[in-house]
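Have a look at the structure below, then the notes.
The values are calculated or read from the model by the stated rules, or taken from the named source; none is laboratory data. Just so we're clear, the structure is a prediction, and the values are computed from it rather than from any experiment. As a convention, Cβ positions derive from the backbone with ideal geometry for all residues, glycine included, and neighbour counts pool all protein chains shown. SASA here: full protein model, heavy atoms, side chains in, ligands and nucleic acids out. Shrake-Rupley method; radii C 1.70, N 1.55, O 1.52, S 1.80 Å.
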Amino acid sequence: MKRHHVTLTAALLAAGLTLTGCGESTDDAKKQDGPAGAVLAVAVEHQRAANALDWKRVCELRTVRMRRGTVEECAARNIGPAPTNTLSASASASPTETFDPPRYADGSTVPPLPKPTMTGPDRASLGPVTPEGPPIEISAYGDHPAGYGVLLTYTVTWPDETSTARKSVRVVQEEGEWRVDQREDVGDKAMAHGDPIRDTLNWG
């Protein structure tokens, strides 16, 4: 057990160099750093792709079970339907047709909710994705196979505040590749308990 911990820690340190180095790929990490390095590389790349809204890459890094279909079908579900042409819709509407906005009890109108965009003030600025501690072995749970759990963090900055987001990720082997099979938000309660990865992936 002690020998395994030392090996995992050493691999983590090596993976840290790989993940922050220039021009290194996930495949390079797998070859150089063994299971721990490969697990970290996949978990970090998956979250980076999700933060960048690169849904094709996100789906490529997921298990077949988590994709619920092909890579293309998975990406399409996350991207959602194409936006409607509001100009054309307005032009085709009847000239007498009006739309009454929702109102509060006092008669004032309810302001529209901000919609996420790729750029601009409606989307927060996300910081670098970093692993918090080494991967840990986790048992199978429900439909999820056994594998490794990784805790990832990154900052979320809005114009008036900055917070830290934490995600726990289950990485498993499928068809000879390491892939993400589960991803959960990690709240303050799970962090305070002292075992946030298992709390969210196996018991949450």
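For segment 51-60, name all the residues that are open to solvent by 10 Å² or more (accessible area, probe 1.4 Å) and of a type in the set (A, V, I, L, M, F, W, C).
ALA52, LEU53, TRP55 - these are the residues of segment 51-60 that are open to solvent by 10 Å² or more (accessible area, probe 1.4 Å) and of a type in the set (A, V, I, L, M, F, W, C).
No other residue among ALA29, ALA50, ALA36 is touching a Lys or Arg at 6+ places or on another chain (Cβ under 9 Å) and either at pLDDT 95 or above or closer than 23 Å to THR153 by Cβ (or both) apart from ALA50.
Which fully enclosed strands (runs of 3 or more DSSP E) of segment 139-193 have 1 or more residues being modelled with pLDDT of 95 or more and within 19 Å of ARG68 (Cα to Cα)? Spell out the reasoning first.
Working: elements: 147-158, 161-174, 177-185.
Because the criterion is at least 1 residues that are modelled with pLDDT of 95 or more and within 19 Å of ARG68 (Cα to Cα), the strands (runs of 3 or more DSSP E) in segment 139-193 that meet it are 161-174, 177-185.
Does SER94 fit the bill of being of a type outside the set (A, V, I, L, M), modelled with pLDDT under 90 and not in a loop (DSSP other than H, G, I, E, B)? Considered against the rule, which asks whether it is of a type outside the set (A, V, I, L, M), modelled with pLDDT under 90 and not in a loop (DSSP other than H, G, I, E, B), SER94 comes out as no. Scan segment 137-184 for residues that are open to solvent by 60 Å² or more (accessible area, probe 1.4 Å) and either touching a residue at least 40 places away in the same chain (Cβ under 8 Å) or not hydrophobic (A, V, I, L, M, F, W, C) (or both) and the total you get is 17.
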